[in-house]
Amino acid sequence: MYKSPEIDEYEQYPACEDQNPSSPPLNDICHRDHDLPAIAYMLLAGIFSALMLVAFAIFWSDAHALFMVVISTGYLAMYIGIPYLLYGMSPDLADGRMENLRMALKRKVHTFTGHISGFEAIAQVITVPTALLVTFATMGIILVTGPW
């Protein structure tokens, strides 16, 4: 059976140095390695918003299809808006500051199979939505400019 190597999570966080590792953490700052960098969520929001803009451009002439795009945009607003509101209510982020992009890309993110860099985590998260956007835009161009 695979046993993961023992990793001292507290060595990479200066805020946790004066905290006893055997005691429970005082706040969530010491365990941020399980979180994706905030830029990943912003990139996802941008990609899905671009997907909705492409859908609006494609289905602008058909009222029924456009109605479905409007409904999908409402679902997207909830899908993006609720986590954004919850992120803003986090007590350790009350001052509204986000993590530095350079630090977010360099820090390790813990996954089930081990640690990966923030850049690798973001790449894994946005690969499929980006492929969907490119595919949808290409199909839209073909649909709009086709001979039919």
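Tabulated data
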{"item": "Candidate set from the range 108-148 (those that are touching a residue at least 24 places away in the same chain (Cβ under 8 Å) and touching a Lys or Arg at 6+ places or on another chain (Cβ under 8 Å)); member that is farthest from Ala50 (Cα to Cα)", "result": "His115"}
{"item": "Residue in the range 32-51 that is exposed (fewer than 11 other Cβ atoms within 10 Å of the Cβ), in a helix (DSSP H, G or I) and modelled with pLDDT under 80 present", "result": "yes"}
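The values are calculated or read from the model by the stated rules, or taken from the named source; none is laboratory data. A quick note: this is a predicted structure, and the numbers were derived from the prediction, not measured. Because the Cβ atoms are built from the backbone with ideal geometry, glycine has one as well, and the counts that use them run over all protein chains shown.
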